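Worksheet for the structure shown next.
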Amino acid sequence: MWARAARRVLRAPGGGGRGFASKAGGGGVSAGGEAAPQERGRVPGDVIEHLERLALVDFGSREAVARLEKAVAFADRLRAVDTDGVQPMESVLEDRCLYLRPDNVVEGNCAEELLQNAHRVMEEYFVAPPGNITLPKLDEQELFSKS
Amino acid sequence: MGKTNLDEFAMGSGSTDGVFGPVKNPWSYSKQYREKKKQKPHGENEDTNWLITGGSSGGSAAAVSAFTCFAALGSDTGGSTRNPAALCGVVGLKPTYGLVSRHGLIPLVNSMDVPGILTRCVDDAATVLGVLAGHDCKDSTTVQDPVKSFILPSLTDVSKLCIGIPKEYLVPELSSEVQSLWSKAAKLFESEGAKVIEVSLPHTSYSIVCYHVLCTSEVASNMARFDGLEYGHRCDINVSTEAMYAATRREGFNDVVRGRILSGNFFLLKENYENYFIKAQKVRRLIANDFVNVFNSGVDVLLTPTTLSEAVPYVEFIKEDNRTRSAQGDIFTQAVNMAGLPAVSVPMALSNQGLPIGLQFIGRAFCDQQLLTVAKWFEKQVQFPIIQLQEIMGDCSSVFENDLASVSLKQ
């Protein structure tokens, strides 16, 4: 009965956590999420700049880059899974039809309310700074950013 | 009634990274906890060793736990409702994905988010679910099946139930107290006639990694809308749109959020897309299939721990960074989000330190009613104690015990 199985599983020293096998037979993965030092790949400087430009969010510090490297090393554990022939899953509701509303306008006409949410408006326009200037490279940014 | 505190953008498992500061677990001030710590009941107002609520919906859990309200809403993307529910001794329900509308919920991971429900008892959670569930034309990911509100039956006979215990959830980091309560719960079902079997969810160990990749990737996309132009914080830089966006986002997002955006963008780079994002989507299917296989083999409900341990002191929790803590906090809960299944954390008992420990039940998709029925039976069996906050509440405590434990009792 289950009670006997429970004694075996739940009292095993170190728990059953290490015993399960993925298809690749990799070792148990601990809950901590910390990669061993040798697993941490370096992210090259040009990728860092590229990411900052794409995300329009800066790293801000060396620690943040180190955190990214740890995050990447953590994600690298997925390589051990055998996914040959497996289709990517985008939605758990993939077997259902997406609901589409009838194409009738039922709401809107609230331009004033929406404009009130924004900091800078002029008449019915959101005001943005000029758009055709690329973000300066890292060292130049000091001139542009508020300290 | 009001809004509650949380980790910024629901990213975290401690409710410690919010712009209004961290959330304190009401159990830090409970008689049950203080007696075990041998603290003097009055005075000695050294509030330095208070405990976290878990997260990210910690404010909501704390509010329900401290009798501020009957019910509170949270969000659940990787366990953010169930985690604080377990640490605050309340019921935390994550409905099936597609059952409750996400309209109005700031999106974190569109394919996994659901609004979560926090209450002091399972009946209340069912009541709130009955109100919220159903198709919403403003959220096209809600299913169109008709949903009726329901009253949970009071199960007396569990002999037709099959409870599955996933063996891969027994990880080395699981505290011995939670482990022993999990075992006790399984034996309880068995002794009352239910069939209790060990099952396998083989890809469990990769679940948290897969979640990490998918979550950060969707976050990178979802957070892109916060540019300060149409709403939200905006900084004063006016040199160019890009400079303005960058500075606004630096000012407006904390380190955790920025870290996830950057990680997500990394995984979505052309050279990484196939190896990280698509790979994670494939692993997600394997994980979802693991659950399907188990439920197809006759299991009605799975029983697992919700958290690795009881609530820890804030000063301990902040020793590690958010990503590490999230990976630990979400370990038992995030696989459910990837598969879109319903799950509920039910408080079971107090630890040796007088703090709540909850267990998680996982059900089949769209079988939320059956899941809650089993949870209600379990809740009745374990009789989890009411929090005793007399020292703070003064004479009101007896009122709380009798009248305000549950809205359902008033009927």
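The values are calculated or read from the model by the stated rules, or taken from the named source; none is laboratory data. Note that this is a predicted model, so its numbers are computed, not measured. All Cβ positions, even for glycine, are placed from backbone atoms using ideal geometry, and neighbour counts span all protein chains on display. Quick note on the areas: whole protein, heavy atoms, side chains included, nothing else; ligands and nucleic acids left out. Shrake-Rupley method; radii C 1.70, N 1.55, O 1.52, S 1.80 Å.
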Quick check for me: using +1 on Lys/Arg Cβ and -1 on Asp/Glu Cβ, what's the dipole size of the stretch A:39-78 about its Cα centre, in debye to the nearest 20?
160 debye
Among B:C235, B:Q281, B:L108, whose Cα sits farthest toward the positive end of the charge dipole of the protein assembly as shown (+1 at Cβ of Lys/Arg, -1 at Cβ of Asp/Glu, about the Cα centre)?
B:Q281
Computed about the Cα centre, the charge dipole of chain B from +1 Lys/Arg and -1 Asp/Glu charges at the Cβ has a magnitude in debye, to the nearest 20, of 440 debye
Just read off the accessible area of B:E316 with the full protein assembly in place, 1.4 Å probe, to the nearest 10 Å².
80 Å²
Please compute how much accessible surface disappears when B pairs with A, both sides summed, using a 1.4 Å probe, and round it to the nearest 100 Å².
7800 Å²
Show me, for the stretch B:336-351, the HN-Hα J-couplings you get by feeding each phi into the Karplus relation (A = 6.51, B = -1.76, C = 1.60, θ = phi - 60°), rounded to Hz, glycine and proline as x.
5, 5, 5, 8, x, 8, x, 8, 9, 9, 10, x, 10, 7, 8, 6
Charge dipole of chain B built from unit charges on the beta carbon (Lys, Arg +1; Asp, Glu -1), centred at mean Cα; most positive-end Cα among B:V315, B:H135, B:F70 is B:H135
Name the residues whose placed amide hydrogens come within less than 5 Å of the amide hydrogen of B:L51, ignoring near sequence neighbours (fewer than 5 apart) on the same chain.
B:N25, B:S28, B:Y314
With every protein chain kept in place and a 1.4 Å probe, the stretch A:39-78 has an accessible area per residue in Å² of 45 Å²
Can you classify chain B as rounded, prolate or oblate using the Cα gyration tensor, where a ≥ b ≥ c are the square roots of its eigenvalues, rounded means a/c under 1.5, and otherwise it's prolate if a/b beats b/c and oblate if not?
oblate
Restricting to Cα pairs under 8 Å and 6 or more apart, the percent relative contact order of chain B works out to 23 percent
Give the aspartates and glutamates reachable from B:K160 as a straight Cα distance under 16 Å; neighbours fewer than 8 places away on the same chain don't count.
B:E190, B:E192, B:D300
Taking all protein chains in place and a 1.4 Å probe, what share, in percent, of the accessible surface of the protein assembly as shown do carbon and sulfur account for?
52 percent
From phi via Karplus (6.51, -1.76, 1.60), per-residue ³J(HN,Hα) for the stretch A:92-99 in Hz, x at Gly/Pro
6, 9, 4, 7, 10, 7, 5, 6
Heavy atoms of B:R323: accessible area, 1.4 Å probe, square angstrom to 10
50 Å²
Accessible area (Å², per residue) of the stretch B:8-391, counting only protein heavy atoms and a probe of 1.4 Å:
34 Å²
Given the -39500 (n - 2.57) contribution per DSSP H run of 4+ residues, what per-residue ellipticity at 222 nm results for chain B, rounded to the nearest 500 deg cm²/dmol?
-11500 deg cm²/dmol
Filter the cross-link list B:K37/B:K94; B:K24/B:K380; B:K195/B:K376 down to pairs whose alpha-carbon distance in this structure exceeds 23 Å.
B:K37/B:K94; B:K24/B:K380
